[in-house]
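Notes to accompany the following structure.
Computed from the coordinates by the stated procedures, all read-outs in this text should not be read as laboratory data. Small disclaimer: the values here were computed from a predicted structure and weren't measured. With ideal geometry, Cβ positions are generated from the backbone for all residues, glycine too; neighbour counts draw on all protein chains shown.
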Amino acid sequence: MNILRRYTRQTLRVNRRRTLFTCMGIIISVAMITAVSVFSTSFLDYLKRKAIFETGDWELAYSELSPQEIELIKTDNRVAELFSADDLGYAELAGGQNEFKPYWFVRALDDEGFANLGIQLITGRLPENENELLISEHVGYNGGVEFQLGQTVTLQLGERILSEDPDHPLNQSNPFDPEQPEMIVKTTERSYTVVGVMKRSELEYRWAPGYTAFTKQAETTALENPVFYLKFKNASQAPQKNFPQLESKLYPNFAVNENVLRFSGPFWDNTYFFMVASAATLTLIIILTGSIFLIYNAFAISLAERSRQFGLLASIGATARQKFWCVVQEGLMIALIAVPIGLFAGWCGMAVTLKIVNPMLQSMNFISADVPLEPVISLSAVGLTVVCSVVMILLSCWLPALRAARMTPIQAIRQSQDIKLKRHHLWLGRGVRKVIGLEGELALKNIQRSGRKAWSTILSLAVSLILFTSVSSILTMMIQAVGLTYQDELSDAWVTDYSSRSLIEQKDSFEEIRQLDSVASAQRITITYAVMDTANLPLDSAWDTINDPYPVILFALDDQTYAQILAENHVEAAAMHSSSKEMLHGIVLNRYRSEISENGQRRYFDIPYFNTLPDELTLHIGDAGEVLTVKPLALAAQMDLYSQDIQYSGQLSILIPASDLEVILTEAEGSRTYNDKLYLRAKKGRQEAMVKQIDEIGKQNLTHSFSYYSPVQNQKDEKTLLIVVSIFVYGFITLICLVCLVNVINTISTNMELRRKEFAMLRSVGMAEKQFNRMIRLESIFYGLAAAVIGIPISVVLIHLLHYNLMSGSFLFSFDMPWMMILGGSLILILMVMAMMNYATHKIRRESIIETLKEEN
């Protein structure tokens with residue numbers, strides 16, 4: 001075995017070029033496997049670090065423990081860290097403007113608590129003693145009370161109870177209800193100096209009645225209402241009931257930091273873990289399948305080149321087992337070189353990629369600006385990468401090793417497994433000769449005779465073409481899909497505010513937004529829903545089978561906007577309001593808009609509802625089906641309104657004055673289901689500035705009834721996400737194609753090297769340089785055409801399937817086969833093979849014919 005090991009090492013040294021190309025293919029494959037492992041591990045690590053940043057680095061929390069129970073936890077060898085917080089109680093917030101958060105809630109922390117409870121300091125510093133206080137910025141923008149650093153705050157801290165139930169103190173999980181009287185009892189006066197401001201604590205429930213503030217635990221004072229936070233040495237132990245003695249305290253005095261644990265492994269909440277693991281596994285299967293196939297070709301070529309050598313080994317007594325392990329050892333020796341380099345290259349590549357995409361992901365708030373996505377790899381990930389890489393190499397060389405083991409001396413000398421000709425090859429060659437000439441016949445016979453080596457080259461080229469066209473098509477479809485979402489945006493943002501249920505009351509937030517210097521114009525539009533009786537209406541013939549009742553959307557406009565619509569439709573302003581409460585005056589948008597999409601472009605066509613203006617429309621509104629009569633003032637085909645719902649609702653749209661609808665909704669019980677929005681258009685180039693200003697107004701809103709949406713920001717995020725996806729996808733396809741390219745170069749260069757005597761013989765019988773070059777070019781074309789014949793049908797089927805599965809369910813653009821991309825990819829393959837064959841034969845052309853014929857390959 002030592003002799004064969006030395007023989008294998010010597011073979012690798014002698015065939016440096018083949019060894020180099022094989023190593024390059026394995027390095028790229030291992031780098032891709034490493035990149036998948038690094039990205040998966042890094043993404044889970046990011047999610048965990050983000051959860052720790054927001055909620056703290058702890059796993060379990062207990063409250064109301066006795067000294068014996070506390071000692072039980074402290075002495076448990078599974079607990080890595082234990083720290084505490086002391087709930088000092090509630091105090092009234094003087095001047096607070098949020099009726100649902102009228103209190104302070106003060107907690108005292110030790111040093112570990114400040115470090116591990118997710119406190120995000122904005123300005124100032126952390127408290128250093130029990131007389132200093134760290135407050136939340138939420139007090140200012142939500143509570144309406146501003147504090148300065150250094151300001152002294154005196155609080156009457158105590159327990160919060162309901163007047164009707166004084167025996168059960170309330171906590172932060174119990175929201176404040178203005179209709180249930182509360183009081184604070186057992187108060188103690190304490191004075192604090194404000195030393196810092198932090199972001200709102202994620203430990204504070206959204207419905208919590210108190211603004212959380214932190215002070216330092218007094219070293220000499222016993223804890224009043226302690227909460228103990230635990231961190232385990234192994235996170236997998238956290239979900240278990242580790243302390244049976246505390247089982248009675250699990251509810252409600254027990255908490256689990258699910259945000260951290262769900263990203264610590266599959267033992268808690270395996271949704272995220274298996275989501276990432278499934279995506280990584282699918283990617284690894286694709287990489288391993290392609291890499292095994294391509295690296296297998298390298299070993300198959302090596303076996304074909306050395307078949308006579310294995311025959312000689314068999315003739316001098318080498319057993320089948322020895323020949324088998326000779327090929328396997330070759331694979332393992334190459335792995336010793338290629339796998340470490342591939343690990344390093346994959347790590348560096350993913351580190352650079354994450355550095356590039358980090359700012360993009362942060363700009364669209366896909367990842368937190370405070371917690372960057374950093375490259376991380378664990379020992380288990382390294383081990384998995386090494387195992388996958390070694391398995392990939394062993395599987396690649398397994399079949400060639402079996403063929404080497406079964407090879408007899410006679411088979412090796414005759415090379416009957418490598419060179420085969422069949423009957424149909426003869427007449428096919430003669431037919432090609434008549435059309436193209438002798439050079440074409442020789443080129444075709446060279447491919448036919450090469451057998452496995454030719455098929456290895458053809459399949460490698462076909463795989464490259466399939467990957468290039470299918471992945472490029474996916475990205476093209478994604479760009480078309482995103483492009484569809486960009487069209488026909490009628491407003492730059494819209495805002496909702498349910499602080500008031502009135503349709504005509506001037507809401508403070510709406511008025512403040514209207515006055516922004518970035519806002520060009522605004523329309524307040526309220527939507528409510530009804531159904532219409534269709535009997536005896538002058539409907540267009542297209543609606544012969546219309547449903548009865550038919551759905552209707554009522555759009556209530558402010559009087560100013562409604563007056564403009566009346567003027568556009570040549571209706572007198574005096575007709576705006578009806579004299580009867582039982583009847584509304586309205587304008588009917590007389591069209592049903594249908595859309596079709598072709599080649600990523602939307603086209604619309606309109607179908608009218610009515611042939612003539614109806615006298616009146618009978619509607620039923622609300623849960624009780626309250627009857628509402630609308631007198632149409634005009635049939636409009638188009639109007640300049642900012643709401644997407646009006647233009648593309650797919651239902652009959654009726655525009656009415658908001659002041660009239662207000663009366664109807666007030667009197668009709670159960671009919672107050674509506675959407676009240678302010679639609680905005682920004683001044684030119686001020687869209688992003690407007691969104692930022694609206695966001696600031698939202699932070700100052702005290703009722704949690706305010707929200708906004710910006711299609712401009714959404715489009716920007718989608719474009720950025722598309723760029724990020726393109727980086728990863730094109731990086732993946734580039735690496736896969738590099739593996740294919742390396743394999744093709746290895747195949748062709750080795751094939752050309754093995755045919756040196758053949759080329760010398762052709763030149764010796766008078767083949768001119770021009771004829772030789774033409775033969776090589778035709779052989780390159782045949783390789784490319786054969787790859788295209790295999791790759792194009794598979795690519796077409798895959799592209800159809802991708803379009804059907806990924807796009808047809810959500811988007812309506814028609815299928816457009818990317819023939820130019822497919823034909824361009826095929827042409828690139830032919831040119832690539834031609835360039836490689838010319839390069840491989842360049843040195844051979846300058847060799848001496850006699851010396852080449854004398855060599856024994």
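Structure summary
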read-out: Extreme residue, positive dipole direction of the stretch 116-207, given options P127, T187, P175 (C-beta unit charges); value: P127
read-out: Point-charge dipole on Cβ atoms (K/R +1, D/E -1) for the stretch 2-72, about Cα centre, debye to 20; value: 1720
read-out: Loop sites in the stretch 74-128: trypsin sites (Lys or Arg not before Pro), DSSP, at most 12 other Cβ within 10 Å; value: R125
read-out: Extension gain (nm, one decimal) between L823 and T319, 0.36 nm per residue minus Cα-Cα; value: 176.5 nm
read-out: Pairwise FRET efficiency - A369 versus R406, Cβ, R0 = 60 Å, nearest 0.05; value: 0.45
read-out: Given charges at Cβ of Lys, Arg, Asp, Glu: the stretch 60-256 dipole, positive-most of Q156, N234, A91; value: N234
read-out: Distance violations [Cα-Cα > 26 Å] among K48/K101; K74/K216; K199/K507; K323/K445; value: K48/K101; K199/K507; K323/K445
read-out: Between the stretch 23-67 and the stretch 675-694, the Cα center-to-center distance that results, in Å; value: 38
read-out: Full-extension gain in nm, D110 to E769, via 0.36 nm per residue minus C-alpha separation; value: 228.6 nm
read-out: Debye-sum result for the stretch 60-256 in log10 I(q)/I(0), which assumes one identical scatterer on each alpha carbon, at q = 0.10, 0.14, 0.18, 0.19 Å⁻¹; value: -0.44, -0.85, -1.31, -1.41
read-out: Cα gyration tensor of the stretch 28-72 - equivalent ellipsoid semi-axes, whole Å, descending; value: 41, 12, 5
read-out: Solvent-free Debye scattering, log10 I(q)/I(0), computed from the Cα coordinates of the stretch 42-139 at q = 0.11, 0.15, 0.23 Å⁻¹; value: -0.47, -0.83, -1.32
read-out: Enclosed volume per residue, in Å³, of the convex hull spanned by Cα atoms of the stretch 312-370; value: 118
read-out: Proximal charge balance of E202 [Cβ under 11 Å; K/R count +1, D/E count -1]; value: +2
read-out: Residue exposure sequence - E71, E219 - by fewest surrounding Cβ within 10 Å; value: E219, E71
read-out: Convex hull volume per residue for the stretch 131-198, taking Cα atoms only, in Å³; value: 104
